Amino acid sequence: MGKSNILKLFFLLLLILFYGCNKKVEKIAYQDKSNRVVLRSANAIKVDTKHEWTFFVNNTGKFNIQILCDEKITDLPKIDIETDEFILSEKPEKIFVIGSEGASQTVFQFKKNLTIKEKGAHKLAASISSPFTTIRILPNYKTDLGFSSGKYDKEWQKMHNSEEKQNTLDWFKKAKYGMFIHWGLYSQAGGIWKGQKMEESSYSGPAVSEWLMYKFHISRNEYAQLAKTFNPDKSFAQNIAKLAKESGMKYVVLTAKHHDGFALFDSKCSSYDIIDATPYKLDAVKELYNACLAEGLAFGVYYSHGVDWFDGTDGNYSSVKERNDSLGILTHDQGKNLWDPSPNTFDEYIENKSLPQVKELLKLLPKLSLIWFDGEGFITEDQSFKFYKTIFDINPHVIVNRRVGYTFGDYLDAGDNVIPSSNDIMLKPWETCGTTNNSWAFKSYDNDWKSTQELLYYLVDIASKGGNYLLNIGPDGKGNVPVKSAKVLREVGKWLKINGDAIYGTTKWKIRKEGTEKALLKGTGDRAKKGFLGSFSSEDLWFTAKDNKVYVISLVKPKSHIKIKSLKTQNGIVEKVRLLGNSKRIEWEQNKLSMDVDLRNLKGYNNGFVLEVTIKK
């Protein structure tokens with residue numbers, strides 16, 4: 001090596017040494033067991049007022065962003081924060097001062113939420129001129145992520161993967177369509193209390209009528225008086241089971257106990273039930289269970305385990321808030337009885353009422369298919385797992401939804417009146433629960449009934465994504481289903497009688513849809529506010545699959561010819577095409593660009609049609 005080359009190498013090594021020693025080594029922050037990420041000022045890569053971090057998450061969802069400063073700082077200016085999928089420019093609000101005297105910190109929080117959609121590494125940059133110690137990324141306090149710590153994972157997996165559970169899940173995935181029933185003491189009121197409608201109450205909270213007690217802050221003793229007049233028609237069970245059958249549903253789920261704490265079955269651990277407190281004196285859950293089995297329908301129960309406004313004290317709110325306050329974390333109080341909580345502890349409620357009533361239901365209903373939990377709220381991970389294990393130990397065939405808490409559900413729900421997008425990844429079997437108007441329980445003045453086409457759209461769209469549709473009815477206090485609700489359900493049933501092969505027992509195909517992507521159903525309140533915005537043309541086609549058959553679903557009357565681009569020869573050689581519900585021979589031609597189908601001279605089909613396409617194996 002020449003002298004000049006040695007000098008070049010020497011200076012190169014000096015440069016590497018100089019910059020290597022002066023460049024700050026980046027420290028990656030990791031999400032902890034509470035799904036929190038802590039970004040310390042001392043660990044940031046700094047350029048002037050800009051601070052940058054890399055952080056890693058395993059669990060995704062909605063998050064709050066906080067800034068922690070010395071207690072002497074009582075106000076912050078507008079701050080710019082940017083991640084790889086989020087931009088924020090906002091003045092944060094002071095929410096807490098935490099820590100001991102002389103070592104306190106002020107906690108500021110932004111109103112805008114950070115949504116993290118993907119696991120793995122992310123970047124965050126913040127332009128902050130004021131001195132600060134920490135930025136925290138916390139699960140949104142209103143919608144906690146609900147992931148388990150992992151301590152029960154092996155035991156849960158063994159139960160979840162058992163032959164009994166998997167057999168029931170196989171049935172569930174094939175059933176596709178069920179009836180949800182919200183019914184209880186609140187049904188008598190129809191969304192009106194002392195002349196006031198739900199929306200007219202001075203208290204916050206959902207305006208769905210099963211939340212009557214919460215929305216009007218009715219005391220426990222006053223609300224309990226509703227039981228004295230709860231006397232349904234004796235034929236309610238047979239009528240509802242028959243309606244479910246005629247509507248094409250395969251399973252029925254009844255609210256055995258909603259948040260108001262009243263049980264529609266004979267409970268030995270509480271006198272606040274239909275046998276002891278009402279003139280009806282019969283077990284409504286058992287009656288409907290028997291009626292459904294007689295109609296060939298599977299049966300499930302809804303049970304609010306973590307929220308009970310009658311016996312569940314404040315839903316564990318005060319103890320959770322005390323801990324959160326010390327950490328500088330907000331606590332969400334929606335759904336908690338803070339106006340007239342029962343005098344017992346939350347743990348006592350779980351052990352003396354909630355868990356025993358679940359055991360009672362399992363023993364009362366030996367052929368029960370599922371338990372649909374709700375109101376997990378501030379239930380602990382230990383309690384959530386105990387519910388799951390208790391059910392498995394008594395009847396391992398019973399499947400449990402995700403709202404049992406944490407990650408212990410056998411199947412998922414997308415949310416109330418929420419349909420996931422095609423890009424959402426569902427790692428377990430799933431369903432969307434939806435309403436026929438804008439309330440779950442009977443609401444006497446809500447006449448915004450969904451049309452047959454709207455309900456068919458939701459059913460078909462969900463099926464094309466591989467999910468189930470659990471569609472709700474809200475009978476009145478006598479057990480009568482509103483006439484308009486029953487009418488559209490029966491019309492959907494007529495469509496399914498002809499086209500059910502395209503729904504029941506199907507899976508997603510490799511292509512989900514042709515045509516314009518429609519606005520997604522984004523929640524009960526969203527649908528109530530915006531109405532139904534869908535409109536369809538002959539180019540809108542949905543696909544489902546079963547064995548070597550592909551089902552092509554249209555929601556409009558057939559045109560003379562349709563061109564199905566997704567059924568070009570590249571996606572499988574077509575052997576046969578059949579119009580469901582019609583014996584007429586269908587003319588068709590397949591080529592490398594599409595499959596063209598002749599549908600001339602077809603009469604009827606006002607709610608659309610389905611083609612069954614057999615693909616060569």
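The values are calculated or read from the model by the stated rules, or taken from the named source; none is laboratory data. Given the structure is predicted, the values throughout are model-derived calculations rather than measurements. All Cβ positions, even for glycine, are placed from backbone atoms using ideal geometry, and neighbour counts span all protein chains on display. Note: accessible area is taken over every heavy atom of the protein model, side chains too, but ligands, DNA and RNA are not part of it. Shrake-Rupley method; radii C 1.70, N 1.55, O 1.52, S 1.80 Å.
Worth a mention:
- Test: Leu412 is under 22 Å from Val285 (Cα atoms) and either free of Cβ contacts under 8 Å to residues at least 24 places away in the same chain or open to solvent by less than 50 Å² (accessible area, probe 1.4 Å) (or both): no
- The residue that is most open to solvent (accessible area, probe 1.4 Å), among those in segment 27-44 that are over 17 Å from Thr143 (Cα atoms) and part of a strand (DSSP E or B), is Tyr30.
- First in segment 484-506 and crowded, with 21+ Cβ neighbours inside 10 Å, second anywhere and in a helix (DSSP H, G or I) and polar (S, T, N, Q), Cβ under 8 Å, 6 or more apart: Val492/Thr452; Trp495/Thr452
- Test: residue in segment 267-279 that is on the phi > 0 side of the Ramachandran plot and of a type outside the set (S, T, N, Q): no
- The set of residues in segment 170-223 being open to solvent by 10 Å² or more (accessible area, probe 1.4 Å), in a helix (DSSP H, G or I) and either farther than 30 Å from Tyr289 by Cβ or in contact with a helix residue (DSSP H, G or I) (Cβ under 7 Å, 6 or more places away or on another chain) (or both) consists of Gln188, Ala189, Glu199, Glu200, Lys215, Asn221, Glu222.
- Annotation note: of Thr313, Thr331, Thr380, the sole residue that is β-branched (Val, Ile, Thr) and open to solvent by 30 Å² or more (accessible area, probe 1.4 Å) is Thr380.
- Being in a loop (DSSP other than H, G, I, E, B), open to solvent by less than 20 Å² (accessible area, probe 1.4 Å) and in contact with a helix residue (DSSP H, G or I) (Cβ under 9 Å, 6 or more places away or on another chain) holds for only one residue in Trp440, Trp372, and it is Trp440.
- Any hit, segment 93-109, residues being part of a loop (DSSP other than H, G, I, E, B), buried (at least 19 other Cβ atoms within 10 Å of the Cβ) and out of contact with any helix residue (DSSP H, G or I) (no Cβ under 7 Å at 6 or more places or on another chain): no
- Lys242 open to solvent by 40 Å² or more (accessible area, probe 1.4 Å) and in contact with a helix residue (DSSP H, G or I) (Cβ under 9 Å, 6 or more places away or on another chain): yes
- Put simply, of Asn59, Asn64 the only residue that is touching a residue at least 24 places away in the same chain (Cβ under 8 Å), closer than 22 Å to Phe147 by Cα and assigned to a loop (DSSP other than H, G, I, E, B) is Asn59.
- Residue pairs meeting the criteria (Cβ under 7 Å; at least 6 apart or on separate chains; first closer than 17 Å to Ala414 by Cα, in segment 139-150; second not in a loop (DSSP other than H, G, I, E, B)): Thr143/Lys62; Leu145/Gly61; Leu145/Pro139
- Some residue of segment 139-155 being assigned to a strand (DSSP E or B) and either more than 30 Å from Pro366 (Cα to Cα) or out of contact with any Gly (no Cβ under 9 Å at 6 or more places or on another chain) (or both): yes
- Cross-chain or 6+ apart pairs with Cβ under 7 Å, segment 282-304 first and over 15 Å from Leu470 (Cβ atoms), then polar (S, T, N, Q) and part of a helix (DSSP H, G or I): Ala291/Gln238
- Segments classed as strands (runs of 3 or more DSSP E), wholly inside segment 532-617, with at least 1 members that are in contact with a Phe, Trp or Tyr (Cβ under 7 Å, 6 or more places away or on another chain) and either polar (S, T, N, Q) or open to solvent by 60 Å² or more (accessible area, probe 1.4 Å) (or both): 541-546, 549-554
- Only one of the numbered conditions (1) in contact with a strand residue (DSSP E or B) (Cβ under 9 Å, 6 or more places away or on another chain); (2) outside any helix (DSSP H, G or I); (3) touching a residue at least 60 places away in the same chain (Cβ under 8 Å) is violated by Thr331, and that is (1).
- Positions within segment 443-472 being open to solvent by 10 Å² or more (accessible area, probe 1.4 Å) and part of a loop (DSSP other than H, G, I, E, B), in sequence order: Lys443, Ser444, Tyr445, Asp446, Asn447, Asp448, Trp449, Ser451, Lys465, Gly466
- When Asp260, Asp233 are checked against the criterion of being within 22 Å of Leu297 (Cα to Cα) and either in contact (Cβ under 8 Å) with a residue 12 or more places away in the chain or β-branched (Val, Ile, Thr) (or both), a single residue qualifies: Asp233.
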